[in-house]
Structure formats: structure tokens, C-alpha cells
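For reference, the structure discussed in these notes is given below.
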Amino acid sequence: MFALCSSLALGGCLALDKVELPEIPDYPPSVIDDFDSPNPSTGILELDFSGDPLPDPVLMVVVRDPNIAQPLTVRVFIDGLPGESRARVSQEVAPTGSVDRDVTVTVPAAQLRLAGCHRMELMVSGEFANGVDQRLPLRTNDFASLVWWVRSTDGIVSDVDLTACPTALTPVQRDPS
């Protein structure tokens with residue numbers, strides 16, 4: 001019996017070569033409103049600058065990224081044009097070990113002071129390219145965005161003329177080849 005057991009134990013395979021595991025794909029993130037957000041993206045954010053100084057608008061979102069160990073960057077752009085796409089807010093989002101990451105971003109109200117319609121876009125990416133267009137992710141399509149429409153007034157109630165709102169922008173993507 002002992003001889004049978006020892007021959008079974010010695011008859012096994014011992015792997016000495018390094019095992020190459022497949023690389024985990026870099027999936028793009030997604031972003032949705034936080035359920036408790038005081039300023040959801042589903043409506044028009046009303047800002048009245050006629051009285052006391054306004055508190056800065058707070059954007060509460062949930063960023064979902066299956067790459068749970070990957071740090072992310074969140075940027076907020078206001079009324080940006082492709083040639084003038086300077087981030088108004090930029091902050092890092094540390095890995096949490098979870099697919100969902102709660103993110104709160106405070107946008108300076110002064111950036112929305114000009115009366116009229118504003119487009120406030122929150123973008124998230126694993127990494128943004130370093131170039132003129134700060135919306136451009138480093139890797140093709142590695143981004144998600146959410147848009148808030150803002151109506152800023154100085155106390156005079158007026159309708160929002162959506163035709164006067166800044167147009168939607170989509171980052172120019174690099175050729176993946």
C-alpha cells in the first residue's frame with residue numbers, strides 16, 4: 001500500500017516554467033448620477049446670481065469601472081469648444097477595490113456666472129492625453145461622460161433657449177491601429 005501511494009505522489013507533474021496569464025482588458029469606465037445627488041443630470045440646474053453668493057454646485061456620480069485597481073481621472077468642462085477645452089475641475093479617483101466608486105465634484109459657481117445656458121460636462125478616463133484638447137483620452141474610447149445643462153440668471157426669470165446652449169462635444173478619438 002505504501003509503495004502504491006509513494007508512486008502516485010512521485011508520478012505527478014511539476015511545472016517549473018513561468019505561467020503567462022492573459023492580460024486583463026482595459027475596459028472603459030461608465031458614469032451615472034448618484035441616487036442621492038442634489039443636482040442630477042436629468043434636469044436643468046437653475047442658478048440665480050441676484051442675491052447672496054451661491055454655493056458651488058456639487059456633482060455626485062457613481063463611476064463604474066471593472067478595472068478595480070486602476071486609478072481614474074475626472075475632469076469637468078464648462079462650455080468648452082474643441083480649440084478651448086480647458087478643464088475647470090480635475091481630480092484623481094483612487095481605486096477602491098470595488099467596481100462602483102462614489103465621486104463628488106465641486107464646481108466653482110463663478111465659472112457659471114455669465115447669464116444664459118451653460119453646458120457642464122463631467123468626463124472620466126483611466127488617463128487623459130497631454131495635448132491641446134484636454135478631453136482626449138490617452139487610449140481610444142477609454143472615457144465616459146455625463147452632461148448637466150445649467151441656466152444662470154441674475155434674478156430675471158426667462159425661458160431657457162436651448163438653441164443658444166453650447167453644443168455637445170465628443171472627444172476626437174485616435175486611430176486604434
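What follows is calculated from the coordinates using simple rules that are stated; it is not laboratory data. All figures in this text were calculated on a predicted structure; none of them were measured in a lab. Quick reminder, even Gly has a Cβ in these numbers, built from the backbone with ideal geometry, and neighbours come from all protein chains shown.
Beyond 23 Å, what percent of the Cα pairs of the range 27-158 remain?
34 percent
As a footprinting exposure proxy, order ASP161, ASP65, ASP102 by other Cβ within 10 Å, with the fewest listed first.
By the 10 Å Cβ count, ascending: ASP161, ASP102, ASP65.
If amide H atoms are built 1.01 Å from N in the plane of the peptide, which residues on other chains or at least 5 residues away come under 5 Å of the amide H of VAL89?
VAL76
Mind checking the full-extension length gain between ASP154 and ASP52? Use 0.36 nm per residue of separation minus the Cα-Cα distance, one decimal, nm. Kindly include the intermediate steps, with their values, before the conclusion.
On the way: separation 102, 0.36 × 102 = 36.72 nm, distance 1.11 nm.
Using 0.36 nm per residue and subtracting the Cα-Cα distance, I get 35.6 nm.
Quick one: what are the phi-derived ³J(HN,Hα) couplings along the range 141-156, Karplus 6.51/-1.76/1.60 with θ = phi - 60°, whole Hz, x for glycine and proline?
So the J values, rounded to whole Hz, are 6, 8, 7, 9, 9, 9, 10, 10, 9, 10, 10, 9, 9, 10, x, 8.
Within 10 Å, Cβ to Cβ, of GLY126, how many net charges do the neighbouring residues add up to if Lys/Arg are +1 and Asp/Glu are -1?
Taking every Cβ under 10 Å from that of GLY126, the sum is -3.
Among ILE156, ILE44, ILE78, what is the fewest-to-most ranking by other Cβ atoms within 10 Å?
ILE156, ILE44, ILE78
Provide the FRET efficiency to the nearest 0.05 for the VAL147-GLU92 pair, computing r from the beta carbons and using R0 = 35 Å.
On the way: r = 22 Å, r/R0 = 0.62.
According to the calculation, E is roughly 0.95.
Determine the gain in length on full extension of the stretch VAL99-ILE44; use 0.36 nm per residue of separation and subtract their C-alpha separation, reporting nm with one decimal.
Between VAL99 and ILE44, full extension yields an extra 16.9 nm.
Can you list the residues of the range 115-148 with backbone N under 17 Å from a point 7 Å past the Cα of ALA164, pointing along Cα to Cβ?
Residues 115-120 fall inside that zone.
Would you mind telling me the antiparallel percentage of the DSSP bridges in the range 27-158, rounded to 5? Show your work: numbers first, answer last.
Numbers: 34 of 39 bridges.
Around 85 percent antiparallel, to the nearest 5.
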